[in-house]
Amino acid sequence: MGDRRVLRAIAAEQEQGMLVPFMLLVAAVAFRMRPRDVDERRAGLTLIILLCWLTAGYIVFRESILKFWWDRSFLDWTINPLVRSTGVDRWLLPFAILGRYTALLFFSAASFA
C-alpha cells in the first residue's frame, strides 16, 4: 500500500484525530520498527501510552461537545439508506456500504475519467 493511499485513507476519514494513532501503529508494525536500545524502547512505550491517553481524552471531550449519535429524524434516507432499513436488511446494508466505499478507495472515480 503506497504512501498516497495511506494519506488518502487518513484524509477520507471524518474523525482524523481518532484514526492517526491507529495509522501510526500500523506503520510501525508494517515497517518493522524495532527499538535499538532500552532508551528507544522506553520512548516508544511512552509514545504509545501518550497516544492512547490523548485519543481517549479527545473522545471524551468530543462526546461532551458534540455527540457521536444523531437522531434518525435528522438523517435523509437518500444520503444514509440505513434510516429506512428494517430486519435483515439493517444487518446486511453496512456490508454493502463498506464494499462500495472500499471499491471507491481503491478504484477512485478519478481513475475512471
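When you check T102 against the structure, is it modelled with pLDDT of 85 or more, under 18 Å from the mean Cα position of the chain (by Cα) and in a helix (DSSP H, G or I), yes or no?
Yes; evaluated as a whole, the condition is true for this residue.
How many residues does segment 12-50 hold that are of a type in the set (S, T, N, Q) and either over 21 Å from V60 (Cβ atoms) or at pLDDT 80 or above (or both)?
Looking only at that region, the number is 1.
What is the one condition in (1) closer than 24 Å to M23 by Cβ; (2) among the acidic types (D, E); (3) exposed (fewer than 10 other Cβ atoms within 10 Å of the Cβ) that E40 does not satisfy?
The number of the failed condition is (3).
Confirm whether L45 is surrounded by 10 or more Cβ atoms within 10 Å (Cβ to Cβ) and of a type in the set (A, V, I, L, M).
yes
I'm trying to understand the selection: among the residues of segment 17-43, which are in a helix (DSSP H, G or I) and over 22 Å from the mean Cα position of the chain (by Cα)?
Passing the criteria: V38, D39, E40, R41, R42, A43.
Which one of L82, L51, L75 is in the same structural domain as I97 (by TED's automatic domain parsing), surrounded by 12 or more Cβ atoms within 10 Å (Cβ to Cβ) and in contact (Cβ under 8 Å) with a residue 12 or more places away in the chain?
Going through L82, L51, L75 in turn, just one is in the same structural domain as I97 (by TED's automatic domain parsing), surrounded by 12 or more Cβ atoms within 10 Å (Cβ to Cβ) and in contact (Cβ under 8 Å) with a residue 12 or more places away in the chain: L82.
The values are calculated or read from the model by the stated rules, or taken from the named source; none is laboratory data. Nothing here was measured: the structure is a model prediction, and the numbers come from that model. So basically every Cβ, Gly included, is an ideal-geometry build from the backbone, and we count neighbours across all protein chains shown.
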